1. If each residue of separation counts as 0.36 nm, what is the full-extension length gain between A:GLN174 and A:ASN277 once their alpha-carbon separation is subtracted?
2. Over region B:3-230, calculate the relative contact order: mean separation of alpha carbon pairs under 8 Å at least 6 apart, over the residue count, as a percent.
3. Quick one: putting +1 on the C-beta of Lys and Arg, -1 on the C-beta of Asp and Glu, what dipole do you get for region B:3-230 around its Cα centre, in Debye to the nearest 20?
4. Among B:LEU65, B:LEU55, B:LEU102, which one shows the highest mean-square fluctuation when chain B is modelled as a Gaussian network with alpha-carbon springs under 10 Å?
5. Work out the FRET efficiency for B:ALA176 and A:LEU359 from their Cβ-Cβ distance, taking R0 = 60 Å, and round it to the nearest 0.05.
6. Roughly what % antiparallel, to the nearest 5, for the DSSP beta bridges in region A:83-263?
7. What's the ranking of A:96-105, A:244-253, A:15-24 by average number of surrounding C-beta atoms within 10 Å, highest first?
8. In nanometres, what is the gap between the two model label sites at A:ARG21 and A:ALA252, each 7 Å from Cα along Cα-to-Cβ?
Amino acid sequence: MSGFLDNMRLALGTFVANPLRSLLTLIGIVIGVATVVSMMALIEGLRLKVNHDLSFLGANTFEVSKWPSGFGRYNWRKYAMRPDLTVEDTEAILERSPSVLRVAAADDEGGQKVSTADAETRPSVFVVGATPTYEETAGITVAQGRFFGEVDEVEGRAVVVLGLDVVDVLFPGQDPLGKEVRIRGRPYRVIGVLQKRGSFLGMVSLDNMALMPLRSFLSVYGMQRSLDISVQATSPELLEKAQAETRTLLRARHKLKPGDADDFDMTTNESMTKSFNQLSQVIAVASFGVCLLSLVVGGIGILNIMLVSVTERTREIGVRKALGARRKRILAQFATEAVVLALVGGAIGVGMGYGLAFLGRWMLGFHTVVPLWAVALSLVMSSGVGLVFGIYPAARAARLDPVEAMRAD
Amino acid sequence: MLISVEDITRTYVVGGETVHALRGVSFTLDKGQWVAIVGQSGSGKSTMMNVLGCLDTPSGGRYMLNGQDVSRMSDDQLAGVRNREIGFIFQTFQLLPRETALANVELPLVYRGLRPKERRERARAALDKVGLTPRIHHRPNELSGGQRQRVAIARALVAEPSLLLADEPTGNLDSATGEEIIRLFEQLHHAGHTIILVTHEPKLAARCPRAIRLSDGRIVDDGRGEAVAFGSRREAVG
């Protein structure tokens, strides 16, 4: 035990004696570890954020759409051939599925401009057309004014509910309610303002939006659109039953034969989470690869510096052996030194990873969380690299002949 | 009898040629004796010193040190013997430059596996014995040559070895400082230490009670220091 402590002291002494050289040697390891820690922090943060954001959907809600949701590549042509989901589908689901409490249909168009006589937003506003039930299924809270209702929908009234980002641009310091805005050249009356919602996954602001009745939306953006249908079951226990009813109904409406594949996609909260987790695994594996590569580079750095160190200290090794150090002791001394060196690199990397994660939080706007297992793994891996690449120089030191070694300059 | 050397040979192969550094050396040394090993360069005295110091193993013959046959031991076994039995004092001091005097003196005790507290106490005592107490926290480059050699002597003494082995201990010192170191050796001898001093300086060998002269890998003279150092059988300088 005291031998181990002596070796630790010697190793730290070497580091202190050559701080710049040691730090330069460690760059590879620092980069590798910083990559892993920050990427894991990002992924972990994203995961928590996704779970949180998806919880808006509610445990008893699922979505039906023409396009598959989630992440990853898919065959665009195959899905384009599918029939559009319509207002009639929406109504049918509500009427004929006993386990369904509420159905909302919505569609959206990004990159829109909203203007008043005095001001104009950038062409980045997300315009959503939705049925009044969207307020419940999408978990929307109106901070000021009201959401549109059945009458607005049926009559296709030109009313909008604005997100805070849009309000801030068009009506700074004013009450927007009752005012008129223009979208695609048409006038709309502001009837409500959404509560601040922040951003989804830290990248898309959820407040940069304008909501209007679906009918009004379709009259501007065209009727030939496939709607996204949100279905809310009467209770979380009936979610699967509601899904089954909806599936049967839509298959019948689309005249699918038994054995045909569904020509629509159903997404639950859970399936979103699942596909996100798949994505995050891919990112994790990729960043792990980057990390391994930098660790190998760092390991070669350590190999190099340890060979230099052994050469420089040949005399010291000779003296130690003459005074009674056994081979194993010398081996342990230099292996410890390599491991400590690598661990210092790992620790700096972890620190930088935390720094990057913090920077990411600040830039991306969501909390990044450094998982402790990533820190532990990084430190274990860097000491492993130190050991693997430090063992050869250490073995060389251990084999030195004391007489020869003491004669070295 | 502390040391018994019987017909020791040592050959090296250098570039395909066999060099006979020792051609059959035998002598014995009792506890408490002080002997100088003298000879010109190439006489085999460095090889002798390495063999006696367990830094090298003989090609033939037998070397008994304190009751153990060390001529056939493995590297690690020899390391253990060096640690327990031998205190080295080198011409170039061989102190670790980054360590303080105290840490340097502690070193043999580190490899003996002593606890730090006991190491420190014994190292302080050894440094006190050589009169360096005020300098224990200095590094070698902050010490004079004489002080460095005193640190080295303290390091040789600290583990209480049965043999002190000094290789040209005054070779890198001016004559006044060298004289101080020789006086220190005399004190150590009177205190009962067994000392082997390897040197090429006759004046130094003459101060020892006994001297052995090596030439061409053989003992050519063995007797009172003065007689051997300036004796008639001294070879001409090659």
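Only the coordinates and a few stated rules stand behind these numbers; no lab work does. Owing to the predicted nature of the structure, the values given are computational and were not obtained by experimental measurement. Heads up, the Cβs are rebuilt from the backbone with ideal geometry, glycines too, and the neighbour counts pull from every protein chain shown.
1. 32.8 nm
2. Computed over region B:3-230, the figure is 28 percent.
3. Values: 29 positive and 27 negative charges, 134 e Å.
Using Cβ point charges on Lys, Arg, Asp and Glu, region B:3-230 gives about 640 debye.
4. B:LEU55
5. Numbers: r = 66 Å, r/R0 = 1.11.
My answer for the efficiency is 0.35.
6. DSSP beta bridges in region A:83-263 are roughly 75 percent antiparallel.
7. Working: A:96-105: 19.7, A:244-253: 16.7, A:15-24: 13.1.
Descending mean neighbour count gives A:96-105, A:244-253, A:15-24.
8. 8.3
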